[in-house]
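The values are calculated or read from the model by the stated rules, or taken from the named source; none is laboratory data. A quick note: this is a predicted structure, and the numbers were derived from the prediction, not measured. A quick note on method: Cβ atoms are made from the backbone with ideal geometry, for glycine too, and the neighbour counts reach across all protein chains shown. The accessibility values were calculated without ligands, DNA or RNA, using every heavy atom of the protein model including side chains. Shrake-Rupley method; radii C 1.70, N 1.55, O 1.52, S 1.80 Å.
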Amino acid sequence: MADDEAGGQPGAEGVRSRVTGAPGTGPRRPEWPDGAGRRRPSGRDRDTPRPVAPVVWTAAAVCAVSLAVLVFAARRPEVLQAMDEAVRDRLATADGDPAFAADLAALGPVLGYRVLWVPTAALLVWAARWRHLAVYLGSISLMAAIAQIAAGETQLAQVVRSGVTGSAVSLDLPAWPVIVLSTVAAASLYALAPSGPARRWGWSAVVVLVAGFVAARVALGLDALTLAVVSAVLGASAAVLVFAVLAPESEFPVTYRRRVKAHLDLDEERTGRVLAAVRDQLGLELADIHPYRLDGSAGSTPCRLTLAHGPPEHLFGKLYATSHMRSDRWYKLARVLRWGRLEDEAPFSSVRRLVQHEDYMLRLLRDGGVRVPEPLGVVEVLPGREYLLVTELVPDAVELLDSPVDDAIVDDALRQVLTLWSAGAAHRDLKPSNVLVQGDRVYLVDVSFGELRPSRWRQAVDLADMMLTLAVVAGPRRVVERAAAFFEPEEMAEAFAATNALTVPRQLAARIAETRPDLVEEFRALLPECQRIRTQRWSVRRVLLAVATGAGAVLAVALLALNLRAGGLL
């Protein structure tokens, strides 16, 4: 076909006409849900569900701080004094052996650290839930550090207090042992127990544990009842709020199944939201949605959308959420620290910008003649939190390494790279799972890393990655011979001069390591000699980020050391 030879899309009307109906035949999409004959394609207003627990615990923390200020910054009301004294007298005479209460109070550090802290941290490491582990250790370490600095007798604590308050005297603040124990207990619960019945029953255990510890301290006269209750509420609320902000259950569910964190669960609730949003905003009736080729994706949730009325029978969707945006930020920070400023390594400001960029790159490359799946639109599943990019699902297409790679396929794959160059763009993630073959035609998919007007070496890297992908099956000599019809030998040599551990995608690097570990050197031996192209980029931003990251790491280690010391583990 003429349009195929020119690198265009198959068919005159493309996928959109096959989905919505050819011109003159009327649209094949269903009626709008509200029955209106005319409707803006923004869909129904969808209220984003807000969790209630953070609001409740925020109110509890505010009340606890207010009560603490009332008790310690001003004179304690006589009613509270009388109640504290009555409870203390009652508990002090309830058991004739004061040593029992002393032994029970000494169990605080043991219960908080040896029984809860260490096993919880070990379990999180085993389950590879690194975000929960960081939030867990960070919240407890910060609280333990504040406790030791405020009430500790070490030289460091005295120096810090002198710098903050002007005096090295210990601060008369709420019961720090109770705060630390309640923080450890609540944080352990949120890190280990999934939301639902397990967490509700877990709260009962936390209340019993903390209440027993509080009773022991009140019986010994170490704390007043008001002080102990305020401390317990303050510690628990601090842990809950930190988890609600940094590891919300909706985005980072507690699970013990080993899986790629980028892959969202398509449960009944999320599936229903997606089906309704696609119908409202694109006018397409879906029968179902399923995960699709998860092994080739580590930054989104690829899905196969089954149309209720075909043809075609299926479409392709990529589900993005705020968790993907956070992962993108950490990924790009690590690349900046290790390699410097590389093209557009600035993180996206929102998940909407993330999906908008991929939709834009699909349309840009399609208009430039690159053969990519036809984009059908972006669907807002949850405002500001979840978005779905809908595209054509290329029929009868398989990954490059799963097809017989003859000369026609090699030529078309190299032609797509040449078209990328002509369009002034770079794919930046060419690997086996992103190169699909349909007959003798090659499609490039997953253009989320794509870039407009990249540097010369970045475009050269696309050529090297495509040649490496083809050579895994076809061999380097055959690929070089076929590429000579499209690229000069110096251009190919330049591509491999810029190739290093950073530029080769992880999936492609793994396949090369399994099949031909010296593949890059084999290519360089077949091409003219070219001086290596350095990809390191130094900048003021990189230096400042490195300094800030180093300082943060030192602070984190210091907080962890204070945490271990508070629990008697160091």
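Some points to look at:
- All positions within the range 429-451 that are open to solvent by 10 Å² or more (accessible area, probe 1.4 Å) and free of Cβ contacts under 8 Å to residues at least 40 places away in the same chain: Asp440, Phe449
- Condition met for Pro194 (modelled with pLDDT under 85 and outside any helix (DSSP H, G or I)): no
- Residue count for the range 514-543, restricted to those that are hydroxyl-bearing (Ser, Thr, Tyr), under 31 Å from the mean Cα position of the chain (by Cα) and surrounded by 12 or more Cβ atoms within 10 Å (Cβ to Cβ): 1.
- Failed criterion for Gly475 (all others in (1) more than 32 Å from the chain's Cα centre (by Cα); (2) open to solvent by 20 Å² or more (accessible area, probe 1.4 Å) hold): (2)
- Summed over the range 240-264, residues that are open to solvent by 50 Å² or more (accessible area, probe 1.4 Å) and at pLDDT 80 or above total 3.
- Residue in the range 391-406 that is in contact with a Cys (Cβ under 9 Å, 6 or more places away or on another chain), surrounded by 22 or more Cβ atoms within 10 Å (Cβ to Cβ) and not small (Gly, Ala, Ser) present: no
- Residue within the range 407-415 that is open to solvent by less than 10 Å² (accessible area, probe 1.4 Å), out of contact with any helix residue (DSSP H, G or I) (no Cβ under 7 Å at 6 or more places or on another chain) and among the small types (Gly, Ala, Ser) present: no
- Count - residues of the range 181-198 that are more than 17 Å from Glu251 (Cα to Cα) and open to solvent by 20 Å² or more (accessible area, probe 1.4 Å): 2
- First in the range 394-409 and closer than 14 Å to Leu470 by Cα, second anywhere and open to solvent by 50 Å² or more (accessible area, probe 1.4 Å), Cβ under 8 Å, 6 or more apart: Leu400/Val473; Leu401/Val473; Leu401/Arg511; Val405/Val473; Asp406/Asp440; Asp407/Arg482; Ala408/Asp440; Ile409/Asp440
- The range 385-425, residues that are in a strand (DSSP E or B) and in contact with a Gly (Cβ under 7 Å, 6 or more places away or on another chain): Leu388, Leu389, Val390, Ala425
- Single condition Ala561 does not satisfy, out of (1) more than 30 Å from Ile179 (Cα to Cα); (2) surrounded by 11 or more Cβ atoms within 10 Å (Cβ to Cβ): (1)
- Residue match in the range 146-154 (condition: open to solvent by 70 Å² or more (accessible area, probe 1.4 Å), modelled with pLDDT of 70 or more and not basic (Lys, Arg)): yes
- Residue within the range 407-422 that is at pLDDT 90 or above and under 31 Å from the mean Cα position of the chain (by Cα) present: yes
- Residue check, Arg532 among the charged types (D, E, K, R) and not in a helix (DSSP H, G or I): yes
- Boolean, Arg542 is in a helix (DSSP H, G or I), in contact with a strand residue (DSSP E or B) (Cβ under 6 Å, 6 or more places away or on another chain) and touching a residue at least 60 places away in the same chain (Cβ under 8 Å): yes
- Condition met for Ser237 (in contact with a Pro (Cβ under 6 Å, 6 or more places away or on another chain), crowded, with 20+ Cβ neighbours inside 10 Å and among the small types (Gly, Ala, Ser)): no
- Residues of the range 210-224 that are touching a residue at least 60 places away in the same chain (Cβ under 8 Å) and surrounded by fewer than 20 Cβ atoms within 10 Å (Cβ to Cβ): Gly212, Ala215, Leu220, Gly221, Leu222.
- Some residue of the range 437-444 being in contact with a His (Cβ under 7 Å, 6 or more places away or on another chain) and hydrophobic (A, V, I, L, M, F, W, C): yes
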